[in-house]
Amino acid sequence: MFNFIIRRIWQMVPTMFGVMLLVFVLFNWVGGDPTYILAGKRLTPEVMANIRAQLGLDLSLPQQFWLFVKQVATFDFGTSWSTQQSVTATLASRIGPSLTLTGTLLVFELLTALPIAIAVAYYRGTLTDRMVTLICTVAMSVSSLAYIIVGQYLLAFKLDWFPVMGWDDDSLLCSLLIYVPLPLILGMLVSLAPNVRFYRSFVVEELSHDYVRTARAKGLSEKTVLFKHVLRNALIPVVTAVMMSLPFLVLGSMLLERFFGIPGMGNELLMAVDKSDFPVIKAITVTIAGAAMVFNLLADIIYKWIDPRVQLK
(Lines give C-alpha, C1' and ligand atoms only; values in the text may rest on other atoms or scores of the structure.)
Protein backbone atom coordinates (compact mmCIF):
# COMPACT_ATOMS: atom_id res chain seq x y z
CA MET A 1 0.00 0.00 0.00
CA PHE A 2 2.80 2.43 0.92
CA ASN A 3 4.59 1.80 -2.40
CA PHE A 4 1.30 2.33 -4.25
CA ILE A 5 0.71 5.69 -2.54
CA ILE A 6 4.25 6.89 -3.29
CA ARG A 7 3.92 5.81 -6.92
CA ARG A 8 0.62 7.60 -7.33
CA ILE A 9 1.99 10.78 -5.75
CA TRP A 10 4.87 10.75 -8.22
CA GLN A 11 2.35 10.29 -11.05
CA MET A 12 0.54 13.43 -9.88
CA VAL A 13 3.58 15.58 -10.62
CA PRO A 14 3.54 15.27 -14.45
CA THR A 15 -0.27 15.38 -14.41
CA MET A 16 -0.27 18.67 -12.52
CA PHE A 17 2.48 19.97 -14.81
CA GLY A 18 0.27 19.16 -17.81
CA VAL A 19 -2.69 20.94 -16.20
CA MET A 20 -0.59 24.03 -15.54
CA LEU A 21 0.76 24.01 -19.10
CA LEU A 22 -2.76 23.71 -20.53
CA VAL A 23 -4.08 26.50 -18.30
CA PHE A 24 -1.12 28.70 -19.20
CA VAL A 25 -1.62 28.17 -22.95
CA LEU A 26 -5.37 28.79 -22.77
CA PHE A 27 -5.12 32.01 -20.79
CA ASN A 28 -2.06 33.45 -22.51
CA TRP A 29 -2.72 32.55 -26.13
CA VAL A 30 -6.47 32.10 -26.34
CA GLY A 31 -7.48 34.49 -23.56
CA GLY A 32 -5.90 37.49 -25.22
CA ASP A 33 -3.85 40.31 -23.76
CA PRO A 34 -5.18 41.32 -20.32
CA THR A 35 -3.50 44.70 -20.62
CA TYR A 36 -6.45 46.02 -22.63
CA ILE A 37 -8.85 44.87 -19.90
CA LEU A 38 -6.93 46.54 -17.09
CA ALA A 39 -6.00 49.72 -18.92
CA GLY A 40 -9.61 50.62 -19.71
CA LYS A 41 -9.93 54.15 -21.03
CA ARG A 42 -6.35 55.01 -20.00
CA LEU A 43 -5.04 53.15 -23.03
CA THR A 44 -1.71 54.91 -23.58
CA PRO A 45 1.63 53.26 -24.43
CA GLU A 46 3.05 54.24 -21.04
CA VAL A 47 0.11 52.78 -19.09
CA MET A 48 0.17 49.57 -21.15
CA ALA A 49 3.92 49.13 -20.65
CA ASN A 50 3.51 49.73 -16.92
CA ILE A 51 0.74 47.12 -16.60
CA ARG A 52 2.64 44.56 -18.67
CA ALA A 53 5.69 45.03 -16.45
CA GLN A 54 3.62 44.60 -13.27
CA LEU A 55 2.00 41.39 -14.59
CA GLY A 56 5.25 39.98 -15.93
CA LEU A 57 3.91 40.02 -19.49
CA ASP A 58 7.08 41.70 -20.72
CA LEU A 59 8.96 38.47 -19.97
CA SER A 60 9.42 35.65 -22.43
CA LEU A 61 6.83 32.83 -22.50
CA PRO A 62 9.13 30.32 -20.72
CA GLN A 63 9.80 32.90 -18.00
CA GLN A 64 6.05 33.60 -17.65
CA PHE A 65 5.33 29.88 -17.36
CA TRP A 66 8.04 29.43 -14.75
CA LEU A 67 6.50 32.33 -12.79
CA PHE A 68 3.14 30.52 -12.94
CA VAL A 69 4.75 27.27 -11.74
CA LYS A 70 6.27 29.11 -8.76
CA GLN A 71 2.86 30.62 -7.95
CA VAL A 72 1.29 27.15 -7.86
CA ALA A 73 4.16 25.67 -5.83
CA THR A 74 3.99 28.47 -3.24
CA PHE A 75 0.18 28.88 -3.33
CA ASP A 76 0.73 32.55 -4.07
CA PHE A 77 -1.36 33.39 -7.13
CA GLY A 78 -0.66 37.10 -7.16
CA THR A 79 -3.23 39.89 -7.04
CA SER A 80 -6.79 39.91 -8.31
CA TRP A 81 -7.22 42.25 -11.27
CA SER A 82 -10.69 43.38 -10.21
CA THR A 83 -10.24 43.84 -6.45
CA GLN A 84 -6.46 44.36 -6.21
CA GLN A 85 -6.42 41.92 -3.28
CA SER A 86 -4.40 38.75 -2.79
CA VAL A 87 -5.96 35.88 -4.75
CA THR A 88 -4.86 33.32 -2.15
CA ALA A 89 -6.36 35.30 0.73
CA THR A 90 -9.58 35.89 -1.21
CA LEU A 91 -10.03 32.20 -2.04
CA ALA A 92 -9.15 31.15 1.52
CA SER A 93 -12.01 33.32 2.79
CA ARG A 94 -14.39 31.74 0.27
CA ILE A 95 -13.69 28.07 1.07
CA GLY A 96 -15.55 28.14 4.40
CA PRO A 97 -18.96 29.17 2.99
CA SER A 98 -18.63 26.68 0.10
CA LEU A 99 -17.75 23.76 2.37
CA THR A 100 -20.50 24.73 4.81
CA LEU A 101 -23.11 24.54 2.06
CA THR A 102 -21.87 21.71 -0.16
CA GLY A 103 -20.43 19.60 2.66
CA THR A 104 -23.77 19.62 4.47
CA LEU A 105 -25.54 18.93 1.19
CA LEU A 106 -23.31 15.93 0.42
CA VAL A 107 -23.88 14.36 3.86
CA PHE A 108 -27.65 14.75 3.65
CA GLU A 109 -27.70 13.45 0.05
CA LEU A 110 -25.79 10.31 1.00
CA LEU A 111 -27.77 9.61 4.18
CA THR A 112 -31.05 10.05 2.31
CA ALA A 113 -30.42 8.67 -1.19
CA LEU A 114 -28.56 5.49 -0.21
CA PRO A 115 -31.21 4.04 2.17
CA ILE A 116 -33.97 4.87 -0.33
CA ALA A 117 -32.00 3.23 -3.15
CA ILE A 118 -31.38 0.08 -1.07
CA ALA A 119 -35.06 -0.21 -0.12
CA VAL A 120 -36.28 0.36 -3.67
CA ALA A 121 -33.75 -2.10 -5.11
CA TYR A 122 -34.75 -4.77 -2.60
CA TYR A 123 -38.39 -4.45 -3.69
CA ARG A 124 -37.49 -4.16 -7.39
CA GLY A 125 -40.28 -4.83 -9.81
CA THR A 126 -42.99 -3.93 -7.32
CA LEU A 127 -45.38 -1.00 -7.52
CA THR A 128 -43.22 0.89 -5.00
CA ASP A 129 -40.17 0.47 -7.21
CA ARG A 130 -42.01 1.65 -10.31
CA MET A 131 -43.53 4.65 -8.51
CA VAL A 132 -40.19 5.77 -7.06
CA THR A 133 -38.52 5.35 -10.46
CA LEU A 134 -41.27 7.40 -12.12
CA ILE A 135 -41.02 10.17 -9.51
CA CYS A 136 -37.22 10.27 -9.92
CA THR A 137 -37.53 10.47 -13.72
CA VAL A 138 -39.99 13.36 -13.49
CA ALA A 139 -37.86 15.15 -10.88
CA MET A 140 -34.75 14.79 -13.06
CA SER A 141 -36.63 16.38 -15.98
CA VAL A 142 -37.06 19.67 -14.14
CA SER A 143 -34.27 22.22 -14.45
CA SER A 144 -32.29 22.94 -11.31
CA LEU A 145 -32.82 26.62 -12.03
CA ALA A 146 -36.58 26.09 -11.79
CA TYR A 147 -36.22 24.46 -8.36
CA ILE A 148 -34.14 27.39 -7.12
CA ILE A 149 -36.36 30.18 -8.47
CA VAL A 150 -39.69 28.61 -7.46
CA GLY A 151 -38.39 27.46 -4.08
CA GLN A 152 -36.88 30.85 -3.28
CA TYR A 153 -40.08 32.64 -4.33
CA LEU A 154 -42.51 30.37 -2.46
CA LEU A 155 -40.61 29.37 0.66
CA ALA A 156 -38.66 32.57 1.26
CA PHE A 157 -40.51 35.46 -0.37
CA LYS A 158 -44.18 34.42 -0.11
CA LEU A 159 -44.27 32.21 2.99
CA ASP A 160 -41.33 33.91 4.73
CA TRP A 161 -40.10 30.62 6.22
CA PHE A 162 -36.48 31.33 5.35
CA PRO A 163 -34.42 34.44 4.54
CA VAL A 164 -34.39 35.15 0.81
CA MET A 165 -30.62 35.50 0.78
CA GLY A 166 -27.68 36.45 2.97
CA TRP A 167 -24.68 35.18 4.90
CA ASP A 168 -23.03 35.84 8.26
CA ASP A 169 -19.30 36.26 7.65
CA ASP A 170 -18.55 36.28 11.37
CA SER A 171 -20.18 32.95 12.26
CA LEU A 172 -20.37 29.84 10.05
CA LEU A 173 -22.62 28.20 12.67
CA CYS A 174 -25.10 31.06 12.45
CA SER A 175 -25.05 30.84 8.66
CA LEU A 176 -25.51 27.05 8.85
CA LEU A 177 -28.60 27.42 11.02
CA ILE A 178 -30.18 30.44 9.32
CA TYR A 179 -29.04 30.79 5.70
CA VAL A 180 -28.10 27.23 4.67
CA PRO A 181 -31.42 25.35 5.25
CA LEU A 182 -33.26 26.68 2.17
CA PRO A 183 -30.35 26.16 -0.29
CA LEU A 184 -29.89 22.75 1.33
CA ILE A 185 -33.53 21.77 0.74
CA LEU A 186 -33.44 22.95 -2.87
CA GLY A 187 -30.09 21.25 -3.48
CA MET A 188 -31.56 18.02 -2.10
CA LEU A 189 -34.52 18.29 -4.47
CA VAL A 190 -32.14 18.70 -7.40
CA SER A 191 -29.72 15.88 -6.55
CA LEU A 192 -31.82 13.29 -4.70
CA ALA A 193 -33.57 11.81 -7.76
CA PRO A 194 -30.45 11.12 -9.90
CA ASN A 195 -28.57 9.76 -6.88
CA VAL A 196 -31.39 7.37 -5.94
CA ARG A 197 -31.53 5.99 -9.47
CA PHE A 198 -27.75 5.79 -9.68
CA TYR A 199 -27.31 3.93 -6.38
CA ARG A 200 -30.34 1.69 -7.04
CA SER A 201 -28.83 0.38 -10.28
CA PHE A 202 -25.74 -0.92 -8.49
CA VAL A 203 -27.68 -2.53 -5.65
CA VAL A 204 -29.99 -4.26 -8.17
CA GLU A 205 -26.97 -5.53 -10.09
CA GLU A 206 -25.43 -6.99 -6.93
CA LEU A 207 -28.71 -8.63 -5.91
CA SER A 208 -28.76 -10.56 -9.20
CA HIS A 209 -25.35 -12.23 -8.64
CA ASP A 210 -24.91 -15.90 -7.77
CA TYR A 211 -23.30 -15.23 -4.39
CA VAL A 212 -26.58 -13.72 -3.16
CA ARG A 213 -28.50 -16.89 -4.01
CA THR A 214 -25.76 -18.96 -2.40
CA ALA A 215 -25.88 -16.88 0.79
CA ARG A 216 -29.64 -17.26 0.98
CA ALA A 217 -29.38 -21.00 0.34
CA LYS A 218 -27.03 -21.26 3.32
CA GLY A 219 -29.76 -19.83 5.52
CA LEU A 220 -28.36 -16.35 6.06
CA SER A 221 -30.92 -13.74 7.03
CA GLU A 222 -31.99 -11.12 4.49
CA LYS A 223 -30.48 -8.43 6.70
CA THR A 224 -27.09 -10.17 6.66
CA VAL A 225 -27.22 -10.77 2.90
CA LEU A 226 -28.23 -7.21 2.14
CA PHE A 227 -25.97 -5.25 4.48
CA LYS A 228 -22.95 -7.52 4.87
CA HIS A 229 -22.58 -8.80 1.32
CA VAL A 230 -24.62 -6.81 -1.20
CA LEU A 231 -24.08 -3.34 0.24
CA ARG A 232 -20.36 -3.93 0.72
CA ASN A 233 -19.86 -4.70 -2.98
CA ALA A 234 -22.26 -1.98 -4.13
CA LEU A 235 -20.34 0.61 -2.11
CA ILE A 236 -17.40 0.63 -4.53
CA PRO A 237 -19.22 2.58 -7.32
CA VAL A 238 -20.92 4.67 -4.64
CA VAL A 239 -17.51 5.59 -3.21
CA THR A 240 -16.37 6.47 -6.74
CA ALA A 241 -19.29 8.86 -7.20
CA VAL A 242 -18.82 10.46 -3.79
CA MET A 243 -15.04 10.84 -4.07
CA MET A 244 -15.30 12.34 -7.56
CA SER A 245 -17.75 14.92 -6.22
CA LEU A 246 -15.53 15.91 -3.29
CA PRO A 247 -13.23 18.24 -5.29
CA PHE A 248 -16.28 20.26 -6.23
CA LEU A 249 -17.09 20.77 -2.56
CA VAL A 250 -14.32 23.35 -2.68
CA LEU A 251 -15.88 24.95 -5.75
CA GLY A 252 -19.31 24.92 -4.16
CA SER A 253 -22.67 25.02 -5.88
CA MET A 254 -22.43 28.00 -8.20
CA LEU A 255 -26.15 28.53 -8.82
CA LEU A 256 -27.10 28.19 -5.15
CA GLU A 257 -24.32 30.54 -4.07
CA ARG A 258 -25.23 33.05 -6.75
CA PHE A 259 -28.96 33.13 -6.06
CA PHE A 260 -28.67 33.12 -2.27
CA GLY A 261 -25.77 35.57 -1.99
CA ILE A 262 -23.41 33.04 -0.40
CA PRO A 263 -19.80 34.32 -0.68
CA GLY A 264 -18.31 30.96 -1.68
CA MET A 265 -15.87 29.78 -4.32
CA GLY A 266 -18.59 29.19 -6.91
CA ASN A 267 -19.87 32.73 -6.61
CA GLU A 268 -16.30 34.04 -6.72
CA LEU A 269 -15.63 32.08 -9.91
CA LEU A 270 -18.73 33.46 -11.60
CA MET A 271 -17.73 37.03 -10.69
CA ALA A 272 -14.18 36.37 -11.91
CA VAL A 273 -15.46 35.12 -15.27
CA ASP A 274 -17.79 38.12 -15.53
CA LYS A 275 -14.87 40.51 -14.89
CA SER A 276 -12.24 38.49 -16.84
CA ASP A 277 -10.23 38.17 -13.63
CA PHE A 278 -7.76 35.59 -14.96
CA PRO A 279 -5.61 35.18 -11.80
CA VAL A 280 -8.66 34.07 -9.80
CA ILE A 281 -9.87 31.73 -12.57
CA LYS A 282 -6.43 30.16 -12.94
CA ALA A 283 -6.07 29.67 -9.18
CA ILE A 284 -9.47 27.97 -8.88
CA THR A 285 -8.80 25.77 -11.93
CA VAL A 286 -5.49 24.50 -10.58
CA THR A 287 -6.94 24.00 -7.09
CA ILE A 288 -9.80 21.86 -8.40
CA ALA A 289 -7.39 19.81 -10.55
CA GLY A 290 -5.13 19.15 -7.56
CA ALA A 291 -8.09 18.24 -5.33
CA ALA A 292 -9.40 15.81 -7.98
CA MET A 293 -6.09 13.93 -8.05
CA VAL A 294 -5.89 13.74 -4.25
CA PHE A 295 -9.44 12.44 -3.87
CA ASN A 296 -8.91 9.97 -6.69
CA LEU A 297 -6.03 8.52 -4.68
CA LEU A 298 -8.16 8.42 -1.53
CA ALA A 299 -10.88 6.57 -3.47
CA ASP A 300 -8.44 3.80 -4.39
CA ILE A 301 -7.33 3.49 -0.76
CA ILE A 302 -10.97 3.23 0.37
CA TYR A 303 -11.58 0.52 -2.27
CA LYS A 304 -8.82 -1.53 -0.69
CA TRP A 305 -10.29 -1.01 2.77
CA ILE A 306 -13.80 -2.04 1.63
CA ASP A 307 -12.59 -5.08 -0.29
CA PRO A 308 -9.02 -6.30 0.40
CA ARG A 309 -9.24 -8.38 -2.81
CA VAL A 310 -9.05 -5.21 -4.92
CA GLN A 311 -5.72 -5.00 -6.74
CA LEU A 312 -4.23 -1.51 -6.71
CA LYS A 313 -2.13 -0.61 -9.75
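The values are calculated or read from the model by the stated rules, or taken from the named source; none is laboratory data. In this text, all values refer to a predicted model and were calculated from it rather than measured experimentally. Here the Cβ is made from the backbone with ideal geometry for all residues, glycine too, and neighbour counts use every protein chain on show. For the accessible areas, the whole protein counts, side chains as well, though only heavy atoms, and no ligand, DNA or RNA atoms are used. Shrake-Rupley method; radii C 1.70, N 1.55, O 1.52, S 1.80 Å.
In this entry, residue 170 is excluded by the filter for residues that are loosely packed, with under 12 Cβ neighbours inside 10 Å and farther than 22 Å from residue 104 by Cβ. For region 140-149, indicate whether the set of residues that are farther than 30 Å from residue 213 by Cα, crowded, with 17+ Cβ neighbours inside 10 Å and not basic (Lys, Arg) is non-empty. Within region 140-149, one or more residues are farther than 30 Å from residue 213 by Cα, crowded, with 17+ Cβ neighbours inside 10 Å and not basic (Lys, Arg).
If only residues of region 213-238 that are under 34 Å from the mean Cα position of the chain (by Cα) and basic (Lys, Arg) are counted, the one that is least open to solvent (accessible area, probe 1.4 Å) is 232. Across region 176-188, the qualifying residues are those that are over 12 Å from residue 113 (Cβ atoms), touching a residue at least 40 places away in the same chain (Cβ under 8 Å) and hydrophobic (A, V, I, L, M, F, W, C), and the one among them that is most open to solvent (accessible area, probe 1.4 Å) is 176. Within region 59-94, being within 16 Å of residue 21 (Cβ to Cβ), more than 24 Å from the chain's Cα centre (by Cα) and not hydrophobic (A, V, I, L, M, F, W, C) holds for 60, 62, 63, 64, 70. Right, residue 113: surrounded by 14 or more Cβ atoms within 10 Å (Cβ to Cβ) and either hydroxyl-bearing (Ser, Thr, Tyr) or closer than 28 Å to residue 231 by Cα (or both) or not? Considered against the rule, which asks whether it is surrounded by 14 or more Cβ atoms within 10 Å (Cβ to Cβ) and either hydroxyl-bearing (Ser, Thr, Tyr) or closer than 28 Å to residue 231 by Cα (or both), residue 113 comes out as yes.
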